[in-house]
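Report on one structure; see the data block that follows.
A short reminder: the numbers here are calculations on the coordinates, not readings from a lab. Given the structure is predicted, the values throughout are model-derived calculations rather than measurements. So basically every Cβ, Gly included, is an ideal-geometry build from the backbone, and we count neighbours across all protein chains shown.
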Amino acid sequence: MTKTTFTPRVFSGIQPSGGLTLGNYLGAIKRFVDMQGPDFETIYCMVDLHAISTWQDPTDLAHNTRELCAGFIAAGIDPEKSILINQSQVPEHAQLGWIFNCVARMGWMQRMTQFKDKAGKNAQNVSLGLFGYPALMAADILVYHATHVPVGEDQKQHLELTRDIAAKFNHDYKVDFFPMTEPVIEGAATRVMSLRDGSKKMSKSDPSDASRINMTDDADTIAKKIRKAKTDPDALPSEADGLKDRPEARNLVNIYAALSDSSVDQVLAEVGGKQFGAFKPMLAELAVAKLSPISGEMARLMAEPDEIDRILSKGSLRAREITAPILRKTYDIVGMVGPV
């Protein structure tokens, strides 16, 4: 079997289910921006098909899709450098998703911890889409022959499934067609925690708005939330080992490191020995400087929804130049009779 050489290509996406947070920015979008450049082709997606695996109000879904796109652009994703799409405008995602439904095994899906977490005790009442969406996620990635996916730790299992599906497809059909996509998990704050409880992930679904920084928050709100963030009474350590068993302290130091493009050790070399009364104003100033321009640009873009729609439409045309030939070749490999 001839070994295939794949174009270095990045794909990743976020569900447009509303309420972009600092966690989304540091854990995903900032890294999306950093990966733009000559080393990779980059495709970034609002995964609206995934969003409807739980019911969405149609008006809210449309708004949230545009707001997420605005967030991507405001954070620095350039629609000329990257392909920026919403998933439903590129039908090859769903078409390859069906092929992968037939490749993936039930046991693989049943092991997905995110499904167990989301379904809870209601597993018999959730949508089939919620159960099967990891196969569609694999299709999202592999329909571009993506070689790298920036993901948070909580998505690593889904990427492992993507690799399993690619390997089984290649084995079953005796081809070297789909790549073994590599996860990109790096940075000081790939998992941003709640400002009120350092043991819980920052989430838009948390009842307390004070637990998170929203990407639409203005400068005063950002600063106020950081000033009120939960901490402990001890001074900051000079080395990372000193953050052990101090989840709130570790979270705020991680956020500072990520926003300043520094390592945790570099931050602690600067602030070690300081009390939080001195550190929080430093973090608030940094967060406002980095985040308030993004929220301002998001507001400007959301005032021009037609422009956002044009960007997504143009992106879908560029995306399909990649996805249509890959899907057609997949169909040929499987034995589907195509047009002549």
Radius of gyration, Dmax [segment 209-300; alpha carbons; angstrom]: 13.3, 43
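Multiplying the sequence separation of residue 328 and residue 3 by 0.36 nm and subtracting their Cα-Cα distance, what value in nm do you get?
Details: separation 325, 0.36 × 325 = 117.00 nm, distance 2.01 nm.
Net length gain for the segment: 115.0 nm.
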In whole Å, what three semi-axes, largest first, describe the equivalent ellipsoid of segment 66-216 built from its Cα gyration tensor (square root of 5 times each eigenvalue)? 28, 21, 15
Please report, for the Cα atoms of the chain, the Rg to one decimal and the Dmax as a whole number; what are they, in angstrom? 21.1, 73
Want the number for residue 209 to residue 300: 0.36 nm per residue separation, take away the alpha-carbon distance, what's left? 30.4 nm
Output the pairs from 168/204; 244/290; 81/244; 30/329; 3/314; 121/225 with a Cα-Cα distance over 31 Å in this structure; if there are none, say none. 168/204; 81/244; 30/329; 3/314; 121/225
Going Cα to Cα from residue 228, which aspartates and glutamates come in below 20 Å? Please leave out same-chain ones fewer than 8 positions away. 197, 206, 209, 217, 218, 220, 248, 285
Using the alpha-carbon centroid of each, what span in Å lies between segment 281-333 and segment 135-181? 22 Å
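Counting Lys and Arg as +1 and Asp and Glu as -1, what is the net charge of the other residues whose Cβ lies under 15 Å from the Cβ of residue 253?
Working: positive: 191, 230, 244, 246, 250, 274, 280; negative: 232, 234, 239, 241, 245, 248, 261, 265, 270.
Taking every other residue near residue 253 into account, the sum is -2.
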Please state the Cα pair-distance histogram of segment 175-235 with 10 angstrom bins from zero: what percent is in each bin? 19, 38, 22, 11, 8, 3
Pair residue 285, residue 121: separation of 7 Å Cα→Cβ label points (nm): 5.1 nm
Given backbone amide H placed at 1.01 Å from N, residues whose amide H is under 5 Å from that of residue 193, ignoring those fewer than 5 places away on the same chain, are 202
Computed over the chain: longest principal axis from alpha-carbon atoms vs helix 305-334 long axis, angle to nearest 10 degrees, is 40 degrees
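Summing Lys, Arg as +1 and Asp, Glu as -1, what charge do residues with Cβ under 13 Å from the Cβ of residue 274 carry, residue 274 excluded?
Working: positive: 280; negative: 234, 270.
Taking every other residue near residue 274 into account, the sum is -1.
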With Cα atoms, 0 to 90° folded angle of helix 247-259 axis to the chain main axis: 70 degrees
To test your reading of the geometry: what angle, between 0 and 90 degrees and rounded to tens, separates the Cα axis of helix 276-302 from the longest principal axis of the chain? 40 degrees
Would you mind telling me which residue in 219, 289, 258 has the biggest mean-square fluctuation in a Gaussian network model of the chain, where springs connect alpha carbons within a distance under 10 angstrom? 289
Loop GluC sites (Glu not before Pro), segment 54-158, which have at most 13 other Cβ atoms in a 10 Å radius of their Cβ (DSSP): 80
Treating only the Cβ atoms of Lys and Arg (+1) and Asp and Glu (-1) as charged, compute the dipole magnitude of the chain about its Cα centre; round to the nearest 20 debye. 720 debye
